[in-house]
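These notes are about the structure you will find just below.
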Amino acid sequence: MTSIRAILFLIIIVIFNACSKDEFKKSIVKEKSLDLQVQEAYKEGMEALEGNDVVYAAKKFNEAETLFPQSEWAPKSALMAAYSYYVQDYYSDAIAELIRFIRVYPSHKDLDYVHYLLGVCYFEQIVDEKKDLQSIKNAKTKFLFVLNKYPKTEYALDAEFKLNLINDILASKEMYIGRYYFEKKKWIAAIRRFRTVIDEYDTTVYTPEALHRLVEVHYTIGLIDEAEKYAQLLGYNYASSEWYENSYSLFNKKYEKKRKSKLENTKKKSRNIIKKFKSLLE
């Protein structure tokens, strides 16, 4: 009886091993088949992308990813789906794909490029700096992330360049609002806007004007000491700027008269030269 049981046990082991081997073979065949399907879908996606059919291309790349999520083709396909939308200016779709990529593949080797491309998509969505504030903020956040996380990559250089452009846009917006408040004689609100420029966007082209406007506001409301403080700061950093001349003329009315006289003489000389030139042609 014991021997029969032993024989039956051996038979079960043999059957199990045979089944296991069959299942293993089937698994390999299935895996190979899936891999071929993935490659085929990826190939179709590339062909569609080259033919500018980006919607179909993205569809095929997504299909390639979902067919075999464990394969090396999956993240590659996911990234190509995002890129397909990007090249045809479908930025919202590209952003959604890139955010999903970061969530699904948090340790991927091309994550530096993914974050950079996400920043570019936000940046390209900026149409009107007075309205698209969220896109500006998103782009700035993402480019700062690229600079801090991947400072030695090729993407960091362009991220820094675009950050400077974004800061110019934001400074321009603050100056626009500040000038409006100044015209409306809302002095405190104007000061806040001009202060924001020199505190947060001091590397932009708007800094000299912001300093002059602070001189102008404080001088207008009788805070001469504060006006002088900003004038000195302006003179120290931007002595050759026209804005420094404007600030200087506030404190020196004689200089302002002299400057206007000099300007008028220059205009007269120009008019005389033009008249002389015309007479030669007659």
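Where a number appears in this text, it was derived from the coordinates with a stated rule and is not lab data. Remember, it's a predicted structure, so these values are computed and weren't measured experimentally. Cβ sites come from the backbone with ideal geometry, for glycine too, and all protein chains shown count toward neighbours.
Using mean Cβ contacts within 10 Å as the protection proxy, how do 212-220, 188-196, 176-184 order, highest first? If you can, show how the numbers build up before the last one.
Values: 212-220: 22.0, 188-196: 18.1, 176-184: 15.6.
Sorting 212-220, 188-196, 176-184 by mean packing, highest first, produces 212-220, 188-196, 176-184.
Test of understanding: ordering Ser240, Ser135, Ser107 by Cβ neighbours within 10 Å, fewest first, what list do you get?
Details: Ser240 8, Ser135 21, Ser107 5.
By the 10 Å Cβ count, ascending: Ser107, Ser240, Ser135.
Order by neighbour count: Asp112, Asp199, fewest other Cβ atoms within 10 Å first, most last.
On the way: Asp112 17, Asp199 9.
So the residues, fewest neighbours to most, are Asp199, Asp112.
Just report the Cα centroid separation between the stretch 93-109 and the stretch 151-198, whole Å.
Using only Cα atoms, the two centres lie 31 Å from each other.
Order by neighbour count: Ser77, Ser92, fewest other Cβ atoms within 10 Å first, most last.
Numbers: Ser77 25, Ser92 11.
The fewest-first ordering by Cβ neighbours comes to Ser92, Ser77.
In the structure shown, do any of Lys137/Lys162; Lys59/Lys140; Lys137/Lys184 have a Cα-Cα gap over 22 Å, and if so which? It would help to have the intermediate numbers written out before the result.
Working: Lys137/Lys162 12 Å; Lys59/Lys140 30 Å; Lys137/Lys184 28 Å.
Violating the 22 Å Cα-Cα cut-off are Lys59/Lys140; Lys137/Lys184.
So how compact is the stretch 113-188: Cα radius of gyration and Dmax in angstrom?
14.8, 48
Can you tell me the length gained on complete extension of the stretch Tyr236 to Arg103, counting 0.36 nm per residue apart and subtracting the Cα distance? Can you show the working numbers first?
Numbers: separation 133, 0.36 × 133 = 47.88 nm, distance 4.93 nm.
Here the answer is 43.0 nm.
So what is the relative contact order for the stretch 127-190, in percent, with contacts set as C-alpha pairs under 8 Å and at least six apart?
Details: 32 pairs, mean separation 17.2, N = 64.
Taking the mean separation of contacting Cα pairs over the length of the stretch 127-190, I get 27 percent.
Could you give the spread of the C-alpha atoms of the stretch 90-152 along their three principal axes, from largest to smallest, in whole angstroms?
37, 25, 13
From the phi of every residue in the stretch 43-55, what ³J(HN,Hα) in whole Hz does the Karplus formula 6.51 cos²θ - 1.76 cosθ + 1.60 yield, where θ is phi - 60° and glycine or proline is x?
4, 5, x, 5, 5, 5, 5, 5, x, 6, 8, 5, 5
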